[in-house]
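Peer 1: The structure under discussion is supplied below as structure tokens; questions concerning it will follow.
Since every read-out is calculated from the coordinates, none of them should be taken as a lab result. Treat the numbers as computed from the prediction; the structure is a model and nothing was measured. Note: ideal-geometry Cβ built from the backbone for every residue, glycine included; neighbour counts use all protein chains shown.
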Amino acid sequence: MELWISRNQCQSGHLVPTLPETSLLVALSGRPCNLGPDGDVGKPIGIFDSGLGGLTVARAIAGAVPAENLVYLGDTARVPYGTRSAKTVVKYAIACAERLLRFDIKLLVVACNTASGVALTALQDRLDIPVIGVIQPGARAGVMATRTGRIGILATAGTVASGAYERAIHAENQAINVFARPAPLFVPLAEEGWVAGEVPRLAAHRYLRPLVEVDVDTIVLGCTHYPLLSETIHQVAAELLGHEVTIVDSAEATATTLSETLDLAATPDRAAGSLEILVTDLPGQFGAAASRFLGKSVGALDIQVIDL
């Protein structure tokens with residue numbers, strides 16, 4: 001199984017191509033970036049999403065640049081963004097960004113596919129720090145991974161309808177064939193921890209069949225919830241296709257972009273960074289669900305409830 005990860009090898013030992021060691025962040029953030037270990041030591045990286053899913057991005061970034069301090073904001077009182085108008089999503093995204101700016105962040109990651117597709121430009125124009133989303137890194141990674149030029153996208157209905165991944169992929173290579181399909185049940189399955197077994201496999205069969213019919217060789221996970229189901233998605237896709245398929249995790253691609261373009265990983269003498277979690281509402285079982293997304297235990301006392 002090939003996954004885009006922040007290191008040069010995946011767990012299976014297969015080599016995984018890395019993103020080019022050029023200043024991708026300049027192109028992705030819309031402004032020059034002068035970040036480095038000297039001038040910004042201690043300043044955190046801000047990350048926001050409409051809910052839980054962006055914690056997979058926080059997890060990937062923490063793995064790629066473990067010395068960095070992270071502040072994560074989940075706008076859980078207004079989740080999901082996918083059902084909102086573009087104007088409303090932009091308003092919510094600006095509110096999240098302005099709240100994170102109070103932490104003197106040096107960079108903002110929009111860890112929400114809906115907000116990345118709708119509000120990224122508005123945030124880049126408004127803020128004086130680099131702002132990147134998860135769509136362009138995932139799209140770029142998909143283009144680099146495909147061998148046949150046939151890429152499938154699994155995402156929420158809102159992200160699929162926006163055409164954001166198609167635009168991002170075609171900006172890299174207009175010759176690529178892109179086939180986007182909604183996979184809405186993957187979100188509640190991930191939040192409930194049903195990531196393996198009969199139920200997620202049945203859902204994967206249903207969502208992957210249209211991609212199998214067009215014989216994709218690469219599938220981009222276009223929702224930050226979906227990495228929790230990546231093993232099941234890969235297994236079912238390989239079974240249905242009859243050949244190997246590359247799974248591109250946009251969260252990991254985003255983390256790789258950060259680590260390679262900013263060289264933030266080149267700070268071996270620094271202590272491990274911290275992660276602060278903010279939410280706009282604390283629903284029941286949030287701590288348990290957050291622990292699944294982060295891959296480590298998160299207690300209720302570790303989460304701060306705020307107003308925007």
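Peer 1: For segment 136-252, what is the charge dipole size about the Cα centre, in debye to the nearest 20, if Lys and Arg each add +1 at the Cβ and Asp and Glu each add -1 at the Cβ? All intermediate terms of the calculation are to be shown ahead of the outcome.
Peer 2: Numbers: 8 positive and 13 negative charges, 65 e Å.
Once rounded to the nearest 20, the dipole reads 320 debye.
Peer 1: Based on the alpha-carbon gyration tensor of segment 136-252, what equivalent-ellipsoid semi-axes (square roots of 5 times the eigenvalues) come out, in whole Å, largest first? Walk me through the intermediate numbers first.
Peer 2: Numbers: eigenvalues 91, 48, 27 Å².
That gives 21, 15, 12 Å for the three semi-axes.
Peer 1: Then there's this: Amide H to amide H, which residues 5 or more places from Ser50 or on other chains are under 5 Å from it, using H placed in the peptide plane?
Peer 2: Residues meeting the criterion, in which the H sits 1.01 Å from N, are Asp75.
Peer 1: So which lysines pass the test for Lys91, namely a Cα distance under 23 Å, with those fewer than 8 places away in the same chain ruled out?
Peer 2: Lys106
Peer 1: Sorted by mean Cβ packing within 10 Å, highest first, what order do the peptides 78-86, 243-251, 172-180, 159-167 take?
Peer 2: Per-residue Cβ counts within 10 Å, averaged per peptide and sorted highest first, yield 243-251, 159-167, 78-86, 172-180.
Peer 1: Got a sec to turn the phi values of segment 221-232 into Karplus ³J(HN,Hα) couplings, 6.51 cos²θ - 1.76 cosθ + 1.60 with θ = phi - 60°, whole Hz, x for Gly and Pro?
Peer 2: 7, x, 8, 6, 6, 5, x, 5, 9, 4, 5, 5
Peer 1: Follow-up question, since we're still on this one. Amide H of Thr246: which non-local residues (sequence gap of 5 or more, or other chain) have their own amide H closer than 5 Å, using H built in the peptide plane?
Peer 2: It is Thr218, Ile219, by chain and number.
Peer 1: Sequence-distant or interchain residues sharing an amide H contact under 5 Å with Ile277, placed H: which?
Peer 2: For Ile277, the qualifying residues are Tyr72, Gln304.
Peer 1: Let me have the relative contact order for segment 136-252, percent, based on Cα pairs under 8 Å that are six or more residues apart. Please report the intermediate quantities before stating the final value.
Peer 2: Values: 199 pairs, mean separation 40.2, N = 117.
34 percent.
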